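Undergrad: Okay, here's the structure, questions in a sec.
The values are calculated or read from the model by the stated rules, or taken from the named source; none is laboratory data. A quick note: this is a predicted structure, and the numbers were derived from the prediction, not measured. A quick note on method: Cβ atoms are made from the backbone with ideal geometry, for glycine too, and the neighbour counts reach across all protein chains shown. Calculation scope for accessible area: heavy atoms of the full protein, side chains included, ligands and nucleic acids excluded. Shrake-Rupley method; radii C 1.70, N 1.55, O 1.52, S 1.80 Å.
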Amino acid sequence: MTDVSSTPESSEIPDAVSEPRRRFSVQLVWIIPIVAALIGLSIAVKSFMDRGQTITITFKTGEGLEAGKTKIKYKDVQIGEVKELAISSDRSHVVVTAEVSRDAWGLLVKDTRFWVVRARISGGNVTGLGTLLGGSYIGVDAGSSPEEEDSFTGLEAPPAVSMDVPGRQFVLHAADIGSLDAASPVFYRRMQVGQVISTELDPAGTGVTVRIFIRAPFDQYVKPSTTFWHASGIDLSLSASGVKLNTESMVSILLGGISFQTPEGLLKVAQAPLQAAFPLFATRDEATKHAEMVAPFVLVFRESVRGLAVGAQVDLRGVTVGEVTKIDVALDPQRTEFSVPVQVQFYPERLSTQLRNQALQGGPRPFRELLDTLVAHGFRAEIKSGSLLTGQLYIGLDFVAKAPPARIDWSSDPPRFPTVPGSMEQLQKSLMRIAKKIENLPLQELAGDAGKTIRSLEASLKSADQLLKGMDAKLVPEARAVLTEARQSLEDLRKTLAEARNTLGGANEVLSSEAPVQMDLRETLREVSRAAQSLRVLGDYLEQHPESLIRGKREDRK
Amino acid sequence: MSGKAVTAAGRDLCSCHVCNLVSRWQPSAGPAYCPRCGATLHMRKPGSVARCWALLIAAYILYVPANLLVIMETGSFISYRKDTIVSGVVHLWQTGSWMIAVIVFIASVIIPLLKLISLTLLLVSVQRRSRWRPKQRTRLYRMVELVGRWSMLDIYVVTLLAALVQLGSMATVKAGPGAVAFGAVVVLTMLAAMQFDPRLIWDPFQNEEIND
């Protein structure tokens, strides 16, 4: 082939030992890329099989959410991950795109709920503390709808009750929310048996709707006649028996809550239906007051109802059998006239115990029949005045003689009860007359005179005042001195009198007839009178014989 | 350098791979043994191009999952991350470790890719008996061989961390399936480079003048 073999060294190079040709049909090295391809393929297949369903959840805020990091957990087990966070086109909320793993696809149905689990304090308990360290995650509550869904609206707060807890929901209507919030407790005989799920304002804004959940088996105690009331707060009552403090648990004092109770006799009645609506009363007392059958009616009046307030009584011969719940004004387009539909609630059980027993057994039927009969006999509602001074009105029920025939319109909602115009109009007329008379009085002049009188009176009073002041300044000190002196004089006088009394006592002794002085005196006086007699004799003698003074007494001329 | 290229193969001489004894052998005459040690004689590495292709294709296939699958899972009681190579690089970049991010990116993404491309280039050129820049291609081959093992850096880091950081719920590091794929890519490219016989680059120049 070449001239290489002719080189000198080539002779020293040994020949290779030849061997029959072997056939290498397959090179084993190709197994390696095949294996690699298989591995790659299996990974691809696996990732295709494992690929999650992409879902979108909208939240009001993306607080605590992070793309690629925030997990979706069902019962604290991860079932997916947030892939993307975006702002919705109208910028009103956040759209979370997440991927849910294959084994959790069953959860993606219409009523499944999503919410962001954060640390929060509500309803007396603290939840989600772990998220402070580990970051928020999206919680899932599995729905039961058969309908699949892949876009959801996230809840702003965790649902109070997850769907797999047995129990039932009820709807309460209240005038105001009080201190209730989602997750506020619901008590039955002071035992916590449920929670408030949500609170919302009615669309019309006339009240609030509270949804509550009562766990099984306590939900069976909710009957159609059950009453609910706000359990929050402290009921302090003072009576002859002392101070009585009535509260629910401390939790409800702090956070509010709802209590309910069913009248004892009604516990055997069938349960209230699912989602049944109840009124929510402000206090227990109010609730027990209403723990009876309530029949709403509407009374249409054509007269003014000024003075009739919501809560006014419906009265049957002095017994309250209902109350006014709402007052409206309606325009009657055909008659071009205003009418006032007044909604009332009857407590028909108060009409008679007999009726109550019937109601327990047979529902509203006998009540209707009874009312129809009563109305046929002239039973009507009218507006009556409770007090002329305050103008308070109430609704009176009674039989009205010669009432035009009418019947209860059961078809309207609430049923319309016949009314008669009340005595109010006449009353108003007489009131008007009185008012006119009062108007005609010469009030102006009277007032002028009175004003004058008052002015002069005021002047007199002023001078009197001055006088008094002067007296006060001048007289009083003198008077005081005089009084002191007088007091002293009186003292002296008292002493003098005492002495005088002593003296008089002495004198008394002296002057008494048996007293020796008296006797002596009398004797002396007698002596004195004898002396006087002899003195007179002497006098007479001397008159006749003045010379006797010089010559002495002459012997009698005999 | 200039002159006539003379190769052993061109003179029907063959060196035994085991004892390095040069013996006279015409490959056309069929397989042969070394007269001294009895090993099978090969003029070039047997099936070099085919094996290299096989390994290279396997490496290409595994390069995809190596980059897509999770290479490392780090979990602590406050967070849990799964990182692919690229997400790890991005994370490093975002947290400010730019240098490390660049190093990891080059060592783990660029170099394996360049290796794959280089080997493909070499194989294609050899199969086409290309005469294009044989020296540069030889240098490229040497670089591929040299740099190959450094791509295992990632794997070392992951395996070291996975072995060391096992603090229960406090912190754990686990190697993900991507690490296996990535390791396989590196090993396969290294094997492919070893299978490649650089002498094949020069075979088209047998009996010719080389002037460069």
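Undergrad: Using a loss threshold of 20 Å², tell me which positions in the stretch B:52-72 are less accessible in the complex than in their chain alone. Probe radius 1.4 Å, ligands and nucleic acids ignored.
TA: Residues of the stretch B:52-72 that lose at least 20 Å² of accessible area once the other chains are added: B:Ala54, B:Leu55, B:Ile57, B:Ala58, B:Ile61, B:Leu62, B:Pro65, B:Leu69.
Undergrad: Mind checking which lysines have their Cα closer than 26 Å to the Cα of A:Lys244? Skip sequence neighbours fewer than 8 apart in that chain.
TA: Cross-link targets: A:Lys289.
Undergrad: Let me ask something additional. Considering only DSSP states other than H, G, I, E and B, which trypsin sites (Lys or Arg not before Pro) in the stretch A:392-450 qualify as loop sites with at most 14 other Cβ atoms within 10 Å? Each step should come with its number before you reach the end.
TA: Working: sites: A:Lys402, A:Arg407, A:Arg416, A:Lys429, A:Arg433, A:Lys436, A:Lys437; in loops: A:Lys402, A:Arg407.
When the trypsin sites (Lys or Arg not before Pro) of the stretch A:392-450 are filtered for loop state and at most 14 Cβ neighbours within 10 Å, A:Lys402, A:Arg407 remain.
Undergrad: How do A:Trp30, B:Trp53 rank by accessible surface area computed with a 1.4 Å probe, from largest to smallest?
TA: A:Trp30, B:Trp53
Undergrad: While we're looking at this one, here's another question. For the stretch A:455-558, give the magnitude of the charge dipole about the Cα centre (Cβ charges: +1 Lys/Arg, -1 Asp/Glu; no others), in debye to the nearest 20.
TA: 240
Undergrad: I would also like to ask the following. Enter the Cα centre distance for the pair the stretch A:486-558 and the stretch A:188-228, rounded to the nearest angstrom.
TA: 123
Undergrad: Which value, in square angstrom to the nearest 100, describes the accessible area buried between chains A and B on both sides, using a 1.4 angstrom probe?
TA: Protein heavy atoms only, the A-B interface buries about 2500 Å².
Undergrad: Charges at C-beta only: +1 for Lys and Arg, -1 for Asp and Glu. How large is the resulting dipole of the protein assembly as shown about its Cα centre, in Debye rounded to 20?
TA: Working: 85 positive and 78 negative charges, 397 e Å.
Value, rounded to 20: 1900 debye.
Undergrad: Sticking with this structure for a sec: For the peptides B:106-115, A:449-458, what is the packing order when you average, over each peptide's residues, the other Cβ atoms within 10 Å and list the highest mean first?
TA: Going from most to least packed, we get B:106-115, A:449-458.
Undergrad: At what distance in nm do the modelled label points of A:Met49 and A:Ser151 sit from each other, each positioned 7 Å from its Cα along Cα→Cβ?
TA: The modelled label-to-label distance comes out at 3.2 nm.
Undergrad: Using every Cα-Cα pair within the protein assembly as shown, state what percent have a distance larger than 39 Å.
TA: Percentage above 39 Å: 71.
Undergrad: Under a straight-distance cross-link criterion of Cα-Cα below 17 Å, which lysines are reachable from B:Lys135, leaving out those fewer than 8 residues away in the same chain?
TA: The qualifying lysines are B:Lys4.
Undergrad: Can you list the residues, at least 5 places off or on another chain, whose amide H is less than 5 Å from the amide H of A:Ser18, using H built in the peptide plane?
TA: B:Tyr33
Undergrad: Continuing with this model, one more query. How large is the dipole of chain B about the Cα centre if only Lys and Arg carry +1 and Asp and Glu carry -1, each at its Cβ, rounded to the nearest 20 debye?
TA: Taking the Cα centre of chain B as origin, the dipole is about 560 debye.
Undergrad: A further question follows. What accessible area per residue comes out for the stretch A:63-105, rounded to a whole number of Å², with a 1.4 Å probe?
TA: Roughly 60 Å² per residue, with all protein chains present.
Undergrad: Of A:Phe297, A:Val482, A:Thr153, which is farthest towards the positive pole of the protein assembly as shown's charge dipole, taken about the Cα centre with +1 and -1 on the beta-carbons of Lys, Arg and Asp, Glu respectively?
TA: A:Thr153
Undergrad: I would also like to ask the following. Would you tally the net charge around A:Gly143, using a Cβ to Cβ cut-off of less than 11 Å, leaving A:Gly143 out, and scoring K and R as +1, D and E as -1?
TA: -4
Undergrad: If you don't mind, another one. Taking the 0 to 90 degree range and rounding to the nearest ten, how far is the long axis of helix B:153-164 tilted relative to the main principal axis of chain B, both from C-alpha atoms?
TA: Long axis of B:153-164 versus the principal axis of chain B: about 40 degrees.
Undergrad: Enter the accessible area per residue of the stretch B:1-127 (Å², integer; probe 1.4 Å; all protein chains in place).
TA: Numbers: 6250 Å² over 127 residues.
Accessible area per residue, the stretch B:1-127: 49 Å².
Undergrad: Name the cysteines of the protein assembly as shown that stand alone by the Cβ rule: no other cysteine Cβ under 4.7 angstrom.
TA: Among the cysteines of the protein assembly as shown, those whose Cβ sits 4.7 Å or more from every other are B:Cys14, B:Cys52.
Undergrad: Give a quick list of chymotrypsin sites (Phe, Trp or Tyr not before Pro) in the stretch A:394-474 that DSSP marks as loop, anything other than H, G, I, E or B, with at most 15 other Cβ atoms within 10 Å.
TA: Of the chymotrypsin sites (Phe, Trp or Tyr not before Pro), the ones in loops of the stretch A:394-474 whose Cβ has at most 15 other Cβ atoms within 10 Å are A:Trp410.
Undergrad: A:Ser184's amide H: which non-local residues (gap 5+, or another chain) put their own amide H closer than 5 Å, with H modeled 1.01 Å from N in plane and none for Pro or chain starts?
TA: Amide H to amide H, under 5 Å and 5 or more residues apart or across chains, A:Ser184 pairs with A:Val196.
Undergrad: Pull up the cross-link candidates among the lysines for A:Lys436, meaning alpha carbon to alpha carbon under 26 Å and not fewer than 8 places away within one chain.
TA: A:Lys384
Undergrad: Picking from A:Ile550, A:Leu467, A:Val510, whose Cα lies most toward the positive end of the charge dipole for the stretch A:456-558 (charges on Cβ: Lys, Arg +1; Asp, Glu -1)?
TA: My answer, from the dipole projection, is A:Ile550.
Undergrad: Considering only A:Leu393, B:Asn20, B:Leu140, whose Cα is most displaced toward the positive end of the charge dipole of the protein assembly as shown, charges sitting on Cβ of Lys, Arg (+1) and Asp, Glu (-1)?
TA: Result: B:Asn20, furthest along the dipole toward the positive end.
Undergrad: If each residue of separation counts as 0.36 nm, what is the full-extension length gain between A:Glu458 and A:Glu439 once their alpha-carbon separation is subtracted?
TA: Extending this stretch completely gives an extra 4.0 nm.
Undergrad: Which links in A:Lys71/B:Lys174; A:Lys46/B:Lys82; A:Lys71/B:Lys82; A:Lys452/A:Lys474; A:Lys75/A:Lys110; A:Lys75/A:Lys223 stretch past 22 Å when you go from one Cα to the other?
TA: A:Lys452/A:Lys474; A:Lys75/A:Lys223, as the Cα separations exceed 22 Å there.
Undergrad: Okay, next question. Would you mind pulling out the separation of the Cα centroids of the stretch A:73-111 and the stretch A:400-415, in Å?
TA: That distance is 59 Å.
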